[in-house]
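What follows is one structure encoded as structure tokens, with my remarks underneath.
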Amino acid sequence: MNFTLKQLRYVEAAGRLGSIAKAAVEVSISQSSITAAIDALEASLDYGLFVRTPAKGVQPTSAGRKSLQLIRNFLNQAQQFEAELQSQGGDDAGLVSIACYATAAPAFLPPILRSITENFPGISIKVMEGDMMSIMDYLNNGEVDLVFTYDTHLPDAQSFEPLFDAPPYALVPASEAISAQNSVTFAELSCRPMIMLDLPYTRDYFLGLFKERRLEPNVVHSTRSAEIAKALVEGEFGYTILNIRPRNYITNDTRYKALPISDSSEVPVFGIATASNVRQPKNVRSFIRDCVELREKGAFDALTVSTNP
């Protein structure tokens, strides 16, 4: 079989996006080049990778789905090989692809990106974000080298490097009397209007915190955006529960107040997940090591709200 990395990338993009046109835009090449790559690989393999339907794009065949996963794994290994080869001169260099849980990204990523830029100027970073389910898909499909997420719902195929404990806290309007308290309980929260962050895994996690105490939250609004949830709190529509403080949060903020939940016993850990069966290239290892050094310096301490002094 004769095929090139470019052809494989074209085929993978078409399969992932379900469209030759979208794949052409992503890789900045003509649609005819995408089609030619698919035709050439199918001829070489002697079986069809896709079912092509006018106005509906391309859908992988049964054999095509398995082949696409093999192609993704191979492309991921090729990317790691390229990064490793670039770093052999003694300097860390090359691309590190990362994904971060979207609600944490605005407050969490800036100090890491600054540190990497200062300490490893040869490393370039591609950032993706999403809910916990989608970013794990990125990792499983080989689209990223690592993800920043919580230690819950991680399969055995992932390794995890903890960075900090992230207990849940309540973000309440600063105008409410409860904001003057040092902490709050789930019972106190259950009788107040709640703005639910409605994301995969996240909603079940927050509801479970009340359920295990035989309480039911009064959900009046729900949103898939932490920014909108904070805006609704600021607008005095209710409180929300989060694990990481808003970016640029100050103690005497006149919009809202972050209150630790005193009877919270389940504390998730935020950290770095990687594929356990993949040897990471030097630049990825250096990236992770830099994050661990930031942890040791206390760079993430201000991101959380705790009852501890």
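What follows is calculated from the coordinates using simple rules that are stated; it is not laboratory data. Keep in mind that what you see is a predicted model, and the values were worked out from it rather than measured. Please note: Cβ atoms are built from the backbone with ideal geometry, for glycine as well, and neighbour counts cover all protein chains shown.
Pairs of Cα atoms under 8 Å, at least six residues apart: use those to get the relative contact order of the stretch 169-260, whole percent. Reported relative contact order: 50 percent.
Specify whether the C-alpha gyration tensor of the stretch 5-74 places it in the rounded, prolate or oblate class, a ≥ b ≥ c being the square roots of the eigenvalues: rounded for a/c under 1.5, otherwise prolate if a/b is larger than b/c and oblate if not. List each step's numbers first, then the result.
Details: a/c = 1.42, a/b = 1.18, b/c = 1.20.
Rounded.
Treating the beta-carbon of each Lys and Arg as +1 and of each Asp and Glu as -1, no other charges, what is the dipole magnitude of the stretch 235-309 about its Cα centre, to the nearest 20 debye? Walk me through the intermediate numbers first.
Numbers: 10 positive and 8 negative charges, 94 e Å.
That gives a dipole near 460 debye.
Relative contact order of the stretch 5-74, taken over Cα pairs closer than 8 Å and 6 or more residues apart, is 32 percent. Given their separation in residues at 0.36 nm each and the Cα-Cα distance between them, ASP151 and THR61 gain 28.9 nm when the chain is fully extended. The calculated 222 nm mean residue ellipticity attributable to helices in the chain amounts to -12500 deg cm²/dmol, summing -39500 (n - 2.57) over DSSP H runs of n ≥ 4 and dividing by all residues.
For the chain, what are the DSSP H helices with axial Cα length of 20 Å or more and mean Kyte-Doolittle hydropathy of at least -1.0? Before the final figure, lay out each step's value.
On the way: long enough: 31-45 (21 Å, 0.68); 62-86 (37 Å, -0.63); 105-119 (21 Å, 0.35); 282-296 (21 Å, -0.68).
Result, helices passing both filters: 31-45, 62-86, 105-119, 282-296.
Computed extension length for ALA21-ASP253: 78.7 nm, one decimal, from 0.36 nm per residue of separation with the Cα-Cα distance subtracted. Across q = 0.17, 0.21, 0.22 Å⁻¹, the stretch 6-138 modelled as identical point scatterers on its alpha-carbon atoms has Debye log10 I(q)/I(0) values of -1.02, -1.21, -1.26, in the order of the q list.
Fully extending the segment from SER28 to LEU113, taken as 0.36 nm per residue of separation minus the present Cα-Cα distance, adds 27.9 nm. Amide H to amide H distances under 5 Å link VAL219 with MET194, where only residues 5 or more positions off or on other chains count and H is placed in the peptide plane. If you wrap the Cα atoms of the stretch 169-260 in a convex hull and average its projected area over all directions, you get 5.3 nm². Evaluating 6.51 cos²θ - 1.76 cosθ + 1.60 at θ = phi - 60° for every residue in the stretch 245-261, the Karplus couplings come out as 4, x, 4, 6, 5, 10, 4, 9, 4, 7, 8, 8, 10, 8, 10, x, 9 Hz, glycine and proline recorded as x.
Longer than 24 Å from Cα to Cα, which of LYS6/LYS66; LYS6/LYS126; LYS66/LYS126; LYS126/LYS282 are they? Say none if no pair is.
Too far apart for the 24 Å limit: LYS66/LYS126.
Modelled spin-label separation between SER134 and ASN73, with each label point placed 7 Å from Cα along the Cα-to-Cβ direction: 2.6 nm.
Near CYS100, the amide H atoms lying under 5 Å from its own belong to MET128, GLU129, GLY130, PHE148; only residues 5 or more places off or on other chains count, and H is placed 1.01 Å from N.
Relative contact order of the chain, taken over Cα pairs closer than 8 Å and 6 or more residues apart, is 21 percent.
Please give the FRET efficiency for GLN181 paired with SER222, using the beta carbon to beta carbon distance and R0 = 22 Å, rounded to the nearest 0.05.
0.30
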